[in-house]
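Participant: One structure, pasted below without further comment.
The values are calculated or read from the model by the stated rules, or taken from the named source; none is laboratory data. Since this is a predicted model, take the numbers as computed values, not measurements. Don't worry about glycine lacking a Cβ; one is built from the backbone with ideal geometry, like all the others, and counts go over all protein chains shown. Surface accessibility is based on the protein's heavy atoms, side chains included, excluding ligands, DNA and RNA. Shrake-Rupley method; radii C 1.70, N 1.55, O 1.52, S 1.80 Å.
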Amino acid sequence: MTVFFPLDTARLRLQVDDKRKAKSTPAILSEIIKEEGLLAPYRGWFPVICSLCCSNFVYFYCFHSLKATWLQGQRSTPGRDLVIGIAAGVVNVLVTTPLWVVNTRLKLQGAKFRNEDIHPTHYKGIMDAFVQIMQQEGMGALWNGTFPSLLLVLNPAVQFMIYEGLKRHLLRGVNRELSSVEVFLIGAIAKAIATTITYPLQTVQSVLRFGQHGQPADQSKLLNSLRSVMYLLINRVRKWGMLGLFKGLEAKLLQTVLTAALMFLLYEKIANTTFRVMGVKRTVTSH
């Protein structure tokens, strides 16, 4: 996350600042550095790392707890893992959304926006951001973007479906195992397609978390979340056309694929080194 953090900064700026013209990712980063300083692409790094740690802890704790409770020694299946993964994802969203709302605000604080309607914020840190948001916008503002976040729990389901389809296609009529390179490539392709399909929701999620989306004030509280999502999607299409829903997609895909590649490489190196230090021969399995 640290290595490719600037890509996430570029993606978020393009999603939230709708008057910033869509350019290449290097051009956006160069613009940010020139206007805001060399460290600007890393603004908000610490709250993001904190949010990631908490989010991963909640997700994996829930996933393994639900799995142990449901299976009770029985053999797991991809279908069961998918259902458990979605359930763990829902719990994770409900518990950690306030962290991501604060994280989004801190990442964008001090940014030079093209949209003059965006008001600057003055948070001193994570705790001050929590206090100010609750005092000025109410407790509910900490869960801004929850509805699209819940819908985005389906992202892994789309990825899994595409992954399995590509895997079956490669192995059709052939009795062999997929190589590590093939597994990584079809995994990257599946992730890229799933990200592209769900990206408009990710854009809406970021805008809602930022809290300056100019939503009509007369909306029903009961249907507020659904109406906010529809309002933002329709408004963006009216202003910028269908491509407006995909501003920042290039940076997001670069970050997703490159992060996966680096994580895959580091995982293998760390695992091999650990087993070698322990003096244990590593068993290689195929999934």
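Participant: Nearest 0.05, what FRET efficiency do residue 275 and residue 38 give at R0 = 25 Å with Cβ-Cβ as r? Display every interim value, and only then the final one.
Facilitator: Values: r = 40 Å, r/R0 = 1.60.
The formula returns an efficiency of 0.05 here.
Participant: For the chain, what % of the accessible area comes from carbon and sulfur atoms, probe 1.4 Å?
Facilitator: Values: 10960 of 16570 Å².
The C+S portion of the solvent-accessible surface of the chain is 66 percent.
Participant: Then there's this: Can you give me the distance in nm between label points at residue 64 and residue 260, each placed 7 Å from the Cα along the Cα-to-Cβ direction?
Facilitator: Roughly 2.4 nm, to one decimal.
Participant: Can you give the accessible area of residue 270, probe radius 1.4 Å, in Å² rounded to 10?
Facilitator: It works out to around 110 Å².
Participant: Another question, if that's okay. Angle between the Cα long axis of helix 78-108 and the longest principal axis of the chain, 0 to 90 degrees, nearest 10?
Facilitator: That helix lies at roughly 30 degrees to the long axis.
Participant: Now, a different point. May I ask which residue of 280, 108, 25 lies farthest towards the positive end of the charge dipole of the chain, with charges of +1 (Lys, Arg) and -1 (Asp, Glu) on Cβ and the Cα centre as origin?
Facilitator: Ranked along the dipole, the leading option is 280.
Participant: Say the cut-off is 32 Å between C-alpha atoms; which of 19/269; 124/269; 67/191 go over it?
Facilitator: The answer is 19/269; 124/269.
Participant: Tell me which trypsin sites (Lys or Arg not before Pro) from region 162-192 have a DSSP coil assignment and no more than 14 other beta carbons within 10 Å of their own.
Facilitator: Within region 162-192, the qualifying trypsin sites (Lys or Arg not before Pro) (loop, at most 14 other Cβ atoms within 10 Å) are 172, 176.
Participant: Compute the label zone of residue 141 within region 197-212: residues whose backbone N is under 19 Å from the point 7 Å along Cα-to-Cβ.
Facilitator: 205-212
Participant: Roughly how tilted is helix 45-71, in degrees to the nearest 10 and between 0 and 90, from the longest Cα axis of the chain?
Facilitator: Helix 45-71 sits roughly 50 degrees off the main axis of the chain.
Participant: Moving to a separate point now. Within the set of other residues whose C-beta is less than 13 Å from the C-beta of residue 256, count the net charge using Lys and Arg as +1 and Asp and Glu as -1.
Facilitator: Working: positive: 11, 191, 252; negative: 8, 250.
Once positives and negatives cancel, what remains is +1.
Participant: So, taking all protein chains as they sit and a 1.4 Å probe, how much accessible area belongs to residue 11, in Å² rounded to tens?
Facilitator: So the heavy atoms of residue 11 present about 30 Å² to solvent.
Participant: Given the Cα-Cα distance of residue 109 and residue 172 and 0.36 nm per residue of separation, how much length would full extension add, in nm? It would help to have the intermediate numbers written out before the result.
Facilitator: Working: separation 63, 0.36 × 63 = 22.68 nm, distance 5.16 nm.
Using 0.36 nm per residue and subtracting the Cα-Cα distance, I get 17.5 nm.
Participant: Also, I was wondering about something else. Put +1 on the Cβ of every Lys and Arg and -1 on every Asp and Glu Cβ in region 2-264; which of 2, 249, 142 then has its Cα farthest towards the positive end of the dipole?
Facilitator: Ranked along the dipole, the leading option is 249.
Participant: Now a separate question. What is the sum of charges, Lys and Arg at +1 and Asp and Glu at -1, for the other residues whose Cβ falls under 13 Å from the Cβ of residue 204? Let's see the in-between values first.
Facilitator: Values: positive: 209, 227, 236, 247; negative: 18.
Around residue 204, the charge tally is +3.
Participant: Let me spell out the model: positive unit charges on the Cβ of Lys and Arg, negative unit charges on the Cβ of Asp and Glu, origin at the Cα centre of the chain. What dipole size does that give, in debye rounded to 20? Numbers along the way, then the final one.
Facilitator: Details: 33 positive and 17 negative charges, 104 e Å.
About 500 debye.
Participant: Sticking with this structure for a sec: For the chain, find the longest principal axis of its Cα atoms and tell me its angle to the long axis of helix 249-278, 0 to 90°, nearest 10.
Facilitator: Between the helix axis and the principal axis of the chain, the angle is about 40 degrees.
Participant: Give me the percent relative contact order of region 2-264, please, defined on Cα pairs under 8 angstrom at least 6 residues apart. Walk me through the intermediate numbers first.
Facilitator: Working: 261 pairs, mean separation 72.6, N = 263.
In percent, rounded to a whole number, it is 28.
Participant: Which percent of the Cα-Cα distances in the chain go past 34 Å? Intermediate values should be presented prior to the final figure.
Facilitator: On the way: 10645 of 41041 pairs.
Taking all Cα-Cα pairs of the chain, the fraction more than 34 Å apart is 26 percent.
Participant: Counting only heavy atoms of protein chains, what accessible area per residue, in Å², does region 1-158 have with a probe of 1.4 Å? Intermediate values should be presented prior to the final figure.
Facilitator: Numbers: 8220 Å² over 158 residues.
Result: 52 Å² per residue.
Participant: Taking amide H positions as placed in the peptide plane 1.01 Å from N, state which residues far from residue 110 in sequence (5 or more) or on other chains have amide H under 5 Å from it.
Facilitator: Placed amide hydrogens put 121 under 5 Å from residue 110.
Participant: If the chain between residue 180 and residue 94 were fully stretched, how many nm would it gain, using 0.36 nm times the residue separation less the Cα-Cα distance? Numbers along the way, then the final one.
Facilitator: Details: separation 86, 0.36 × 86 = 30.96 nm, distance 3.51 nm.
Value of the extension gain: 27.4 nm.
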